[in-house]
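Data block below; observations after.
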Amino acid sequence: MRLSVMLLTICAAIGAAQDGGPLTVNGVRYASQKSFIESGGRCATKSLSLTEQDEVEQTIAERLKKRAKKAGVVVVPTYFHVINNGAGIANGDISQTMIQQQMKVLNDAYGASGFQFQLVSVDRTTNASWYNMTPGTQSELDAKTALRKGGADALNVYTANIGGGLLGWAYFPNIYASYPTYDGVVLLYSSLPGGDAVPYNLGDTATHEVGHWLGLYHTFEQSCSTVSDRVVDTPSEKGPAFGCPVGRDTCLGTKQAGADPIENFMDYTDDACMYRFSAEQAKRMQDVWAAFRQP
C-alpha cells in the first residue's frame, strides 16, 4: 500500500515541519505548514458545539434502542461529481484512474472498520462558478442541488478547485434530516492520488472528510478535555498536528497525557503519516451509520 511513497514523504514532511518553510496549497502561499494548519485550510468542516454534540449522542442512544445494526459489511453507494473549468487535469478534469485510486484509498482505510465504498457513477460538469466554490455559498448549494444523488446512505463526492486555500469539507450525518442537499464531501481535486497538492495528495483528505460524514470528530476536539472526540481509545491532544511529529505529547502534565494520535486519519498530519482508525472510532462509525444513515 504505497509504502515506498509513504516512507519518502514522511521523511520530507518531518523536514518541512522542522524548518517551517513556506507551503503553497491550491495557489495560496503560506509562510509555513503551521500557518496553513492554523488557517483552517486542512479541513473546513464546521464543528458542532458541545450542546449539538450532546444532542447527537442522545439521538444515537435512543435510535439504537429501536433499530438493530445490520450484520455484515456496510456497502456505501458512492457517486463522484467532477466539477471542472474545461478539459484536462489543469482544469480540474481528473482522470478515471485518479478516481479509481481514490476509491482504493478509501476502501483500504475503512475496510477494517466494516465499510466498503462502491463506485456507482461518475459525472463531469463544466461550470466556472461551481469550480471555485467554498462552504455555505450559493455556488455550493446550486452545484449540489443539480448533482446530488441517492439518499442518506449515499456518499456524494464533489471535486473542484475549491477556493480559500482549502483541501475539503463535509457535513455531519445529523445534518441530513434538515439539509439533505448539502450532504456529502467536497474535495480539492489535486488532493486525490496523483494530484499535486503535496504533502496532501495521497487521497487521505477524502479519508478524513468521509470520517466526518460518518460521524467522527477531530482527534484534537475539545483539546485535552476528557470529552475530547467522544471516542475513548484516541489519546487527547491540545491541537492539530502537522507534518509527522513522532512522539508529540501536547497534553503532557495533564490527566490526558500520552503520545498524540498523529497517525490517526482524523488528525491534520500529512497524508503519508496517517494510516489508522481506532477500534472505538470504527464502533462509533457503525453506531452513527445505524442511527442516521442506515436504510
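Summarising the label geometry, the points placed 7 Å from Cα in the beta-carbon direction at A146 and Q222 lie 4.2 nm from one another.
Compactness ratio for region 138-193: Cα radius of gyration over 2.2 N^0.38 Å (N = residue count) comes to 1.11. Per residue, the chain exposes 42 Å² of accessible surface when a 1.4 Å probe is rolled over the protein heavy atoms with every protein chain present. In the chain, the inverse of the mean reciprocal separation of distinct Cα atoms equals 19.3 Å; this is its Kirkwood hydrodynamic radius.
Could you give the Stokes-Einstein D for region 45-164 in µm² per second, using the C-alpha Kirkwood radius, 37 °C, 0.692 mPa s?
Details: Rh = 16.6 Å.
D = 198 µm²/s.
Mean residue ellipticity, 222 nm, helices only, the chain: the sum of -39500 (n - 2.57) across DSSP H runs of n ≥ 4, divided by residue count and rounded to 500, is -9500 deg cm²/dmol. Once the C-beta distance of E52 and I89 is scaled by a Förster radius of 30 Å, the resulting FRET efficiency is 0.20 to the nearest 0.05. Candidate membrane-span-like segments in the chain, meaning DSSP H helices with Cα atoms spread over at least 18 Å of their own axis and a Kyte-Doolittle mean of 0.0 or above, are 3-19, with no membrane implied. The modelled label-to-label distance between S39 and A259, using points 7 Å beyond Cα along the C-beta direction, is 3.1 nm.
Each of Y179 and S129 was given a label point 7 Å from its Cα along the Cα-to-Cβ line. The distance between the two points is 1.9 nm. Solvent-accessible area of the chain (1.4 angstrom probe, protein heavy atoms only): carbon and sulfur portion equals 55 percent. When each of the peptides 76-83, 230-237 is scored by the mean number of other C-beta atoms lying within 10 Å of its residues, the order from highest to lowest reads 76-83, 230-237. Distance distribution P(r), region 101-228, all Cα-Cα pairs, bin width 10 angstrom from 0: 12, 42, 37, 9, 1 percent.
Provide, as a two-decimal number, the C-alpha radius of gyration of region 51-110 over 2.2 N^0.38 Å, N being how many residues it has. Can you show the working numbers first?
On the way: Rg = 18.6 Å, N = 60, 2.2 N^0.38 = 10.4 Å.
After normalising by residue count via 2.2 N^0.38 Å, the value is 1.78.
The values are calculated or read from the model by the stated rules, or taken from the named source; none is laboratory data. Note that the coordinates shown come from a computational prediction; the quantities given were computed from them, not determined experimentally. Note that each Cβ is placed from the backbone with ideal geometry, even for glycine, and that neighbours are counted across all protein chains shown. All accessible areas refer to the heavy atoms of the entire protein, side chains included, with ligands and DNA or RNA removed. Shrake-Rupley method; radii C 1.70, N 1.55, O 1.52, S 1.80 Å.
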